Amino acid sequence: MSKFSYSMNQNDAIMAFKKSFMGQGLGVAILKDKGNEFILGAPMMTVNVKFNNGICSTSASLFGKTILSTVDTKIEIIDGFKKIN
């Protein structure tokens, strides 16, 4: 599990997140979009991403841990996001 702070409003942060995962060929797809919460990956290999009050946090299912570092790295390189732990 990782946490990131972002230096923009929440709507802009979510749009930057969506743009970075759309069509990049990472093998990590957005499976569900619940507004502030996203489920990425493939069935049985999921990573949960939540946006809440300036903090973006990630967590993974058992098999999702194999792609968690890829998702964390991709979020970390989005302009305006900074890893805090």
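Things to note:
- When restricted to residues that are outside any loop (DSSP other than H, G, I, E, B), open to solvent by less than 40 Å² (accessible area, probe 1.4 Å) and at pLDDT below 95, the stretch 56-68 contains 2.
- Selected residue [under 15 Å from MET1 (Cα atoms) and either open to solvent by less than 40 Å² (accessible area, probe 1.4 Å) or touching a strand residue (DSSP E or B) at 6+ places or on another chain (Cβ under 9 Å) (or both)] from ASN85, ASN36: ASN85
- Residue that is in a helix (DSSP H, G or I) and either without any contact (Cβ under 8 Å) to a residue 40 or more places away in the chain or surrounded by 16 or more Cβ atoms within 10 Å (Cβ to Cβ) (or both), where the choices are VAL71, VAL49: VAL71
- Taken over the stretch 13-46, the criterion of being without any contact (Cβ under 8 Å) to a residue 60 or more places away in the chain and in a helix (DSSP H, G or I) is satisfied by ILE14, MET15, LYS18, LYS19, SER20, PHE21.
- Residue selected from the stretch 6-23 under the condition of a type in the set (A, V, I, L, M, F, W, C) and over 12 Å from CYS56 (Cβ atoms), by the criterion modelled with the highest pLDDT: MET15
- Evaluation of LYS82 against (1) more than 11 Å from the chain's Cα centre (by Cα); (2) modelled with pLDDT under 95 (one fails), failing number: (2)
- LYS3, sole failed condition from (1) in a strand (DSSP E or B); (2) touching a Lys or Arg at 6+ places or on another chain (Cβ under 7 Å); (3) of a type outside the set (A, V, I, L, M): (2)
The values are calculated or read from the model by the stated rules, or taken from the named source; none is laboratory data. Note that the coordinates shown come from a computational prediction; the quantities given were computed from them, not determined experimentally. Cβ coordinates were reconstructed from backbone atoms using ideal geometry, including for glycine residues, and neighbour counts include every protein chain displayed. Areas reflect the complete protein model, heavy atoms only, side chains present, ligands, DNA and RNA absent. Shrake-Rupley method; radii C 1.70, N 1.55, O 1.52, S 1.80 Å.
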